[in-house]
Amino acid sequence: MSDTSLKPHLDRAHALALLRQMIRIRRFEDRCAELYTREKIRGFLHLYDGEEAIAAGVIPLLAQQDRLVGTYREHGHALVRGVPMGAVMAEMYGKAEGCSGGRGGSMHLFSAEHNFYGGNAIVGGGLPLAVGLALADKLRGEARVTACFFGEGAVAEGEFHESMNLASLWDLPVLFVCENNQYAMGTALERSEAETDVHKKAAGYAVASAVVDGMDVVAVEAAARQALEAMRETHEPYLIECRTYRFRAHSMFDAQLYRSKEEVEEWRGKGPIVRFQGWLEQNGMIHAEDVAAIEAEVKAEIDEAVAFAEAGTWEPAAELTQHVHAEARPAPPPPPAAAAEMVETTYREAVKQAIADAITRDPRVFLMGEDVGRYGGCYAVSKGLLERFGPDRIRDTPLSESGFTGAGIGAAVAGMRPIVEVMTCNFSMLALDQILNTAATLRHMSNGQFGVPLVIRMATGAGRQLAAQHSHSLEGWYAHIPGIRVLAPATLGDARGMLWTALEDPDPVLIFENVMLYNRSGQIAANAGAVDIDRAAVRRAGRDVSLITYGGSLFKTLEAAEELAQGGIEAEVIDLRTLRPLDTAAILATAAKTHRVLVVDEGWRSGSIAAEVGMRIAEKGFFELDAPLARICSEEVPIPYPKHLEDLAIPQPDRIAAAVRAMLGRA
C-alpha cells in the first residue's frame, strides 16, 4: 500500500466537485427549511447544515456495489450517493413520486437502485442492519463494503457496542462513520459520555479507527480513502470519527436552549464550505465566477426539484395498506401425500429436522442465535447441527439480542434467509426495537423496495417453574404489529412443516414454540413436509361449543374436550396456528356452527389474543351466538415459581371444562 495512493488528487476538477457537493447539500437544505416554514414539509426535519464535508468526503469513494446505511439526518447522504434530488424533495413532501413513494418522509429516504438502505429514525437503529448487510456479502463471498453513518448520540446505545463487536468478531467490512456534532439532540457529549473520544471506543472491539476534522473535506476524504483501502485488503471493520458541528437545530422543533448563539456563530466561521472555498480561492485554484456558476447550477436543480415535488401526486387512499406485506407470496404448499410410513418423534426433533432440511435445501438459509452451535441450543433443538453444517451455517452469537436480530434483518434484506433464534421470548424484548421498527416497517417505509424475508424463532410459555422472568407468553404482543406474521405451531406436523413455508415467505415471520411441547412425542408421517401458514385447523369436531386456542394450550383444551364428551358435551377444538393474520373465516365458521365460543389463551387477559378473537366474533358473528363469549386466560400476575401457584396462574383442563359447563348451564 503506497502513501501516494491514499492522498486525495486535489486538482481543479476534483476541488470543484467537492465544493459543489457541499454547496448542493447546503442550498438544498436551506430550501427545505424555508419549505418547512411554509408547511410544505411536515413532521421532523433534521438538517445536515455544517456536516456536509463528511458525506462529500466519504460517499464518492464507495463503489457502486457498496452499500450505505444513513441516519435520520440523511438528506446529504442520499444526494451524494446519487439519489435524484427531485425524488428526495418529493419524498420530503410526502408525494408518491418520492424516493420512498411518500411513505417515509424526511427520515426514511430509500433507493434500492443506489444501494441506499435508508435513514433510520431510531438512534443507532441502522447499525445492526449494516452488520447484517455485510454478513450476507461475506457469506456469499461478495467483495463489498457497507458504510454506516451515525451520530455520536448513538454511541451510548447498546446497538453501537453490539454492532461493533459482531463486525469485529465475524470480520465484516463495515465502515462505521461517526458524525460527531457534539450535542446528540441537546445534551453535550461531555455530559453524556465518560470517554468523549469516540474513536477510542473502537479499541475495545479490536477495530481499527481514526479521528479526523469533520469540517475539513480534504482530511475526511483522506481518512476515508485510507480506511477503505485497508478494508478492501483485510475485509475487517473500521471506524472513523468525524468531529463536526451542526449549525441548525437538532430538528425544526428545537429551541436550542442548550447552546449560545455566539457558539454557533463561532463555528460557522470555520464551517466546511467557507473554509474550503476560502482556501481554494486563496491558492488560485478557483475563482469567484466558478462559485457563482456552481450556485446557479445548484439553484436551478433545486428549483426543478421543488417544481417536481409540487407537481407530484398524493398516493391514492385506496393504497393505504399497500406494502405492509409483499403483494406476491408463494402458493401454499400442496397437501402432503398419503403417509406410507409413520415414525415416532418429538416436537424438538421435528423442529430440528425442519431446520436441517431448510439448510440442506437452500444455501441462503443459516441459523444464528445464542448457544445454537456448540451448546446445541437452550432446549437442545440444534444439537448436532454444528457438526453437520459448520459454523457459517450454525452461527453462535454473543448475548446481544438487538445486535444479532438486527444483523439477521440486514442479511435478509440483502437476500439471505436467516433463522434467528432468540432463546426465550422474554429476551426478545431486548430486540423489540429491531423487530418493530425495522423488520415490520422496512417494506412499507421503502415503498416496497426492500423486504425482510426473515424467520425469528423463540421459546414461549410457562409450566417449567422458571418464575416470572422466564415464563412469558408474549406472542399476543407481537400479533399486534402490522408487517409481520406470527405462528404458534402446536402439533408435530406444524413443528416440522411451518418453518420451510415461513422461510419462503417474503416477509418477516415469528415462530413461537411453547416450552411444554418440546418433549411431547407422537407419530408423524415419515414424508412430512411443508404446511400452510395461513389457516386455522379443526383438531376435534363438535356441535355444542367451540373451544378456540393455540400453541401450548391446544392439548390442555383437547383434554378438556374429552372430559366434556364423557358428560355428553361435544366440543369443537380450533387450533388457530397463525396469530397474525388470524383466520377470521375459520373463527366465524365455528361460531356459526356451535353458537357458543370459549377462547383459551395462555397470555394475560387484558389485550390478549382471546380479546381479539372475541371482538371479531362480536363484530361479524354476534347474531350467531346463543351465549355470551367467554375466555380462559392466564391470571394477571407475574408467573409464580411454586408449582401449585404456577398451575393456578395458567389455563388448565379442569378450568376449561368448568367454564364450558357454566356456559351451558351445567355447572
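The values are calculated or read from the model by the stated rules, or taken from the named source; none is laboratory data. None of these values were measured; they are calculated from a predicted model. Heads up, the Cβs are rebuilt from the backbone with ideal geometry, glycines too, and the neighbour counts pull from every protein chain shown. Heads up: the accessible areas ignore ligands, DNA and RNA and are worked out on the full protein's heavy atoms, side chains in. Shrake-Rupley method; radii C 1.70, N 1.55, O 1.52, S 1.80 Å.
Some points to look at:
- A full extension of the chain between LEU588 and LYS620 corresponds to an added length of 10.8 nm, given 0.36 nm per residue minus the alpha carbon distance.
- DSSP-defined beta bridges in the stretch 540-667 - what % are antiparallel, rounded to 5: 5
- Global geometry of the stretch 456-607, whether rounded, prolate or oblate, following the gyration tensor of its Cα atoms and the 1.5 cut on a/c: rounded
- Among the GluC sites (Glu not before Pro) found in the stretch 35-76, those both in a DSSP coil and sparsely packed, with 13 or fewer other Cβ atoms within 10 Å of their Cβ, are GLU39.
- Tensor-based shape of the stretch 458-538 (alpha-carbon gyration tensor, a/c under 1.5 rounded, otherwise prolate or oblate): oblate
- Global form of the stretch 251-312, assessed from the alpha-carbon gyration tensor, a/c cut-off 1.5: oblate
- Each of CYS242, GLY271, ALA230 was placed along the dipole of the stretch 226-289 (beta-carbon charges, centred on the mean Cα), and the one lying farthest toward the positive end is GLY271.
- Inter-centroid distance (Cα atoms) of the stretch 258-305 relative to the stretch 45-93, Å: 18
- From the alpha carbon centroid of the stretch 112-189 to that of the stretch 200-217 is 14 Å.
- Using a simple spin-label model with pseudo-atoms 7 Å out from Cα toward Cβ, LEU648 and VAL274 lie 7.3 nm apart.
- Each DSSP beta bridge with both residues in the chain is either parallel or antiparallel, and the antiparallel ones are about 15%.
- Paramagnetic reach from ASP171 (point 7 Å along Cα→Cβ, amide N under 11 Å) across the stretch 351-375: none
- Applying a threshold of 26 Å to the alpha-carbon distances of LYS383/LYS556; LYS270/LYS299; LYS352/LYS643 flags LYS383/LYS556; LYS352/LYS643 as lying beyond it.
- Loop-located GluC sites (Glu not before Pro) in the stretch 134-174 whose Cβ has at most 15 other Cβ within 10 Å (DSSP): GLU142
- Whole-number accessible area per residue in Å² for the chain, which is evaluated in the context of all protein chains at 1.4 Å: 39
- Surface composition of the chain: carbon and sulfur atoms hold 53% of the protein heavy-atom accessible area at a 1.4 Å probe.
- Relative contact order (%) - criterion: Cα under 8 Å, at least six apart; region: the chain: 12
- For the stretch 520-667, the dipole from Cβ point charges (+1 on Lys and Arg, -1 on Asp and Glu) about the Cα centre works out to 140 debye, to the nearest 20.
- Cleavage-rule hits (chymotrypsin sites (Phe, Trp or Tyr not before Pro)) in the stretch 238-302: DSSP loop, at most 10 neighbouring Cβ within 10 angstrom: PHE253
- Accessible heavy-atom area order of ARG631, ARG393, highest first, probe of 1.4 Å: ARG631, ARG393
- Charge dipole of the stretch 90-146 about the Cα centre (unit charges at C-beta), most positive-ward option of LEU129, GLY118, HIS108: LEU129
- Accessible surface of TYR379, taken over heavy atoms with a 1.4 Å probe and every protein chain present, rounds to 40 Å².
- Its relative contact order, with pairs defined as Cα atoms under 8 Å and 6+ residues apart, puts the stretch 385-521 at 25 percent.
- Charge tally in the Cβ shell below 13 Å around GLY373, where Lys, Arg are +1 and Asp, Glu are -1, GLY373 excluded: -1
- Once backbone amide H atoms are built at 1.01 Å from N, VAL211 has GLU241 as its partners under 5 Å, excluding neighbours fewer than 5 places away on the same chain.
- Distance between the stretch 455-477 and the stretch 578-601 - C-alpha centres, whole angstrom: 24
- Fully extending the segment from GLN523 to LEU257 would add 88.9 nm, taking 0.36 nm per residue of separation and subtracting the current Cα-Cα distance.
- At the listed q of 0.09, 0.10, 0.11, 0.12 Å⁻¹, the Debye profile of the chain, built from one uniform point per Cα, gives log10 I(q)/I(0) equal to -0.81, -0.95, -1.08, -1.21.
- Computed magnitude of the charge dipole of the chain (debye, nearest 20; Cβ of K, R +1, Cβ of D, E -1): 1220
- Relative contact order (percent, whole number), the stretch 188-331, Cα cutoff 8 Å, 6+ residue spacing: 17
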